[in-house]
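The values are calculated or read from the model by the stated rules, or taken from the named source; none is laboratory data. Keep in mind the model is a prediction, meaning the values are calculated, not measured. So basically every Cβ, Gly included, is an ideal-geometry build from the backbone, and we count neighbours across all protein chains shown. The protein model used for the area step is the full one, side chains on, heavy atoms only, and it has no ligands, DNA or RNA in it. Shrake-Rupley method; radii C 1.70, N 1.55, O 1.52, S 1.80 Å.
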Amino acid sequence: MIHVKSEKEIEKIRESCRIVRDTLHFVEKKIHAGMTTKELDVLIERYIRSEGANPSCLGYGGFPASACISVNEMVVHGIPDDRILREGDIVSVDIVADKNGYFGDACRTFCIGEVKPELKQLVKVTEECFFKAVEGLKAGSTLGDIGFKVQQHAESHGYGVIRSYTGHGIGKEMHEDPEVHNYGKAGTGTRLRAGTVLCIEPMISQGDWRVRLLPDGWGAVTVDNKPAAHYENTLVVREDGVEILTL
């Protein structure tokens with residue numbers, strides 16, 4: 001069941017989203033070749049807590065870290081560890097924070113130093129997929145409209161659209177209804193109402209769209225080991241458009 005949020009609830013979500021946005025700006029300044037993903041995770045946890053919020057990923061379903069940090073062929077849910085970031089890597093950092101009982105969620109894929117042009121293009125197109133998805137999105141649009149636009153833009157560049165993981169509603173819980181697929185048919189699915197809060201998050205691969213789960217039960221990598229990128233924002237559906245809360 002989709003819970004439409006009141007303006008009072010949206011204000012609380014907005015504060016958590018501001019913290020997520022600021023944390024990602026902080027990551028952009030701090031991330032560099034030579035650091036481990038665990039060192040980055042420690043910095044992220046410290047920053048979120050300094051804002052009076054909780055790093056929501058920590059302990060979620062047993063997840064052992066404050067952020068999901070996924071490198072190169074890992075699509076999502078990478079557990080920070082002793083892996084050293086290297087020049088040429090692309091790194092997706094997915095952050096969720098909760099404050100005053102409400103959640104905010106966003107992800108960015110960062111380029112470490114000099115990155116191959118084809119990887120820069122993948123990161124760029126993945127971000128574009130998000131903005132294509134929200135073009136014209138408003139109350140009365142369907143979930144299928146979102147997936148169709150993401151899929152159309154990604155596949156027009158020859159990329160694969162990850163199907164095993166989706167965007168989602170958000171509010172008092174990190175994951176709420178509805179699921180927001182990155183593929184689909186325009187005009188199909190649930191019609192969105194004003195006040196619906198969503199996380200739209202294209203996950204796009206350079207090759208095959210299929211993934212396999214690592215033995216840790218969390219990290220998902222592309223089956224062909226080709227790189228993938230991830231871009232996400234939390235937004236509110238309005239009568240005449242959307243309000244993006246993590247920008």
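Filter region 174-210 down to residues that are outside any loop (DSSP other than H, G, I, E, B) and within 17 Å of the chain's Cα centre (by Cα), then give me how many there are. Break it down into steps so the answer makes sense when it comes.
Residues of region 174-210 outside any loop (DSSP other than H, G, I, E, B): 176-180, 191, 197-200, 203-205.
With the extra rule that they be within 17 Å of the chain's Cα centre (by Cα), the set shrinks to 176-180, 197-200, 203-205.
Number satisfying all stated conditions: 12.
Residue 156: in contact (Cβ under 8 Å) with a residue 12 or more places away in the chain, open to solvent by 10 Å² or more (accessible area, probe 1.4 Å) and hydroxyl-bearing (Ser, Thr, Tyr), yes or no? So that I can check it myself, show each step before the final result.
Numbers: in contact (Cβ under 8 Å) with a residue 12 or more places away in the chain: no; open to solvent by 10 Å² or more (accessible area, probe 1.4 Å): yes; hydroxyl-bearing (Ser, Thr, Tyr): yes.
No; evaluated as a whole, the condition is false for this residue.
Checking the condition more than 22 Å from residue 229 (Cα to Cα) and of a type in the set (Val, Ile, Thr), which residue from 19, 44, 31 passes? Give the derivation first.
Details: 44 fails: more than 22 Å from residue 229 (Cα to Cα); 31 fails: more than 22 Å from residue 229 (Cα to Cα).
Exactly one residue qualifies, and that residue is 19.
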Quiz item: Just one of the numbered conditions (1) farther than 20 Å from residue 242 by Cβ; (2) in contact (Cβ under 8 Å) with a residue 40 or more places away in the chain is not true of residue 201; which one?
Solution: (1)
Quiz item: Among the residues of region 137-173, which ones are small (Gly, Ala, Ser), within 17 Å of the chain's Cα centre (by Cα) and assigned to a loop (DSSP other than H, G, I, E, B)?
Solution: 164, 171
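Quickly run through region 32-41 and pick out the residues that are open to solvent by 90 Å² or more (accessible area, probe 1.4 Å) and outside any loop (DSSP other than H, G, I, E, B). Write out each step before concluding.
Let us first name the residues in region 32-41 that are open to solvent by 90 Å² or more (accessible area, probe 1.4 Å), namely 32, 39.
The answer is 39, and nothing else.
A quick yes/no check of all residues on (1) over 17 Å from the mean Cα position of the chain (by Cα); (2) among the aliphatic types (A, V, I, L, M); (3) modelled with pLDDT under 95; (4) crowded, with 17+ Cβ neighbours inside 10 Å:
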residue: 18; (1), (2), (3), (4): no, no, no, yes
residue: 21; (1), (2), (3), (4): no, no, no, yes
residue: 30; (1), (2), (3), (4): yes, no, no, no
residue: 43; (1), (2), (3), (4): yes, yes, no, yes
residue: 47; (1), (2), (3), (4): yes, no, no, yes
residue: 50; (1), (2), (3), (4): yes, no, no, no
residue: 57; (1), (2), (3), (4): no, no, no, yes
Quiz item: Within region 161-170, which residues are free of Cβ contacts under 8 Å to residues at least 60 places away in the same chain and open to solvent by less than 50 Å² (accessible area, probe 1.4 Å)?
Solution: 161, 166, 168
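Just to be sure I understand, how many residues within region 171-208 are of a type in the set (A, V, I, L, M, F, W, C) and surrounded by fewer than 16 Cβ atoms within 10 Å (Cβ to Cβ)?
Our first condition is that a residue be of a type in the set (A, V, I, L, M, F, W, C); within region 171-208, this holds for 174, 180, 186, 192, 194, 197-200, 203-204.
Filter once more, so that each one left must be surrounded by fewer than 16 Cβ atoms within 10 Å (Cβ to Cβ): 186, 194.
Total satisfying the criteria: 2.
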Quiz item: Regarding residue 150, is this residue among the β-branched types (Val, Ile, Thr) and open to solvent by less than 20 Å² (accessible area, probe 1.4 Å)?
Solution: yes
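Which ones in region 117-126 are surrounded by fewer than 18 Cβ atoms within 10 Å (Cβ to Cβ) and in contact with a strand residue (DSSP E or B) (Cβ under 8 Å, 6 or more places away or on another chain)? If you could, list the steps in order and put the result at the bottom.
Step one: of region 117-126, the residues surrounded by fewer than 18 Cβ atoms within 10 Å (Cβ to Cβ) are 117-118, 120-121, 124.
Scanning region 117-126 gives a single hit, 120.
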